[in-house]
1. For region 209-226, take each phi angle, set θ = phi - 60°, evaluate the Karplus expression 6.51 cos²θ - 1.76 cosθ + 1.60, and give the result in whole Hz per residue in order, putting x for glycine and proline.
2. Near the amide H of Glu169, under 5 Å away, which other amide H atoms are found, from residues 5 or more places off or on another chain, if H is placed in the peptide plane?
3. What is the local net charge at Glu203, summed over the other residues whose Cβ is closer than 12 Å to its Cβ (Lys, Arg +1; Asp, Glu -1)?
4. List Lys159, Lys117 from most exposed to least, where exposure is judged by having the fewest other Cβ atoms within 10 Å.
5. Roughly how many debye, to the nearest 20, is the charge dipole of region 57-224 about its Cα centre, given +1 on each Lys and Arg Cβ, -1 on each Asp and Glu Cβ, and no other charges?
6. How many angstrom lie between the Cα centre of region 129-200 and the Cα centre of region 51-100?
7. Output ³J(HN,Hα) for region 76-84: one whole-Hz value per residue in order, computed from phi by the Karplus curve 6.51 cos²θ - 1.76 cosθ + 1.60 with θ = phi - 60°, and x for Gly and Pro.
Amino acid sequence: MCDEIEYALTFPQSKPHQLRPLFLIAVTTLTLACSSKPPETDASPVVLRPLERMASQQVLVLPVQYLSGNDSLGWQQQIPNRVEFLATLDDQIESALTARGLGHAWTFGREVERASKVNSILMTDARSLSAQWLRGRVLPETTVRDPLASQVRGLVGLKGSRYAILPIELRLENRGNGTGVAILRVVMIDSRMALIRWVREVESDPMRTFSPALTANVATHFADLVLAP
């Protein structure tokens, strides 16, 4: 109807004089309605990848540090060895990110851990960082205090890099109706400035059973924040 307004404005003036006010009111109403119509936009959702700009840089992905959860689903009881469980998650994160083409530029948990043990005289074990305080509320641009700042700086220096992504904690949470999720809390640290540049909690899809698919799913969602599959 909006496309017909221009034609309506050229309507012949041979109609009875008494109809002109009604005609002008109708045209004015249509004009206002069309001018207030929002512009057409692409309805497809925009996928945000906040770490995409880091894809071409040298980045260390440190080992996952902690595991927590209230265990109302009994999932933690199915984890006999927490260290090995988190190391497996490190491998899943590496696999998901390597599949996106980051295997050459980024260095991952297992390799970082091995390097820290080889250089144990100079640095802390990469799986035992002083990151407990990051399990609480933390915001971007927060200063990374020592000893964590020095620990991260030393590990990043092994590769001549600047940025480290630290998966702080994996939480297992009950979502009701017999389903649960895995939530990975992640920060990105600028080791030169000793600042947290980015914070995110990455959540898996809800699942009814505890299996490697749960942590593989959260690793995939983490990779989605960097590059498309």
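1. Per-residue couplings from phi come out as 10, 8, 7, x, 5, 5, 6, 4, 5, 5, 5, 5, 5, 5, 4, 4, 6, 9 Hz.
2. Gln65, Tyr66, Arg185
3. Net local charge, Glu203 excluded: 0.
4. Result, fewest neighbours first: Lys117, Lys159.
5. The dipole magnitude comes to about 360 debye.
6. A separation of 12 Å, based on Cα centres.
7. Once rounded to whole Hz, the list reads 5, 5, 8, 10, x, 9, 5, 4, 5.
Rule-based calculations on the coordinates, nothing more; no lab input. What you see is a predicted model; the values in this text were computed from it and never measured. All Cβ positions, even for glycine, are placed from backbone atoms using ideal geometry, and neighbour counts span all protein chains on display.
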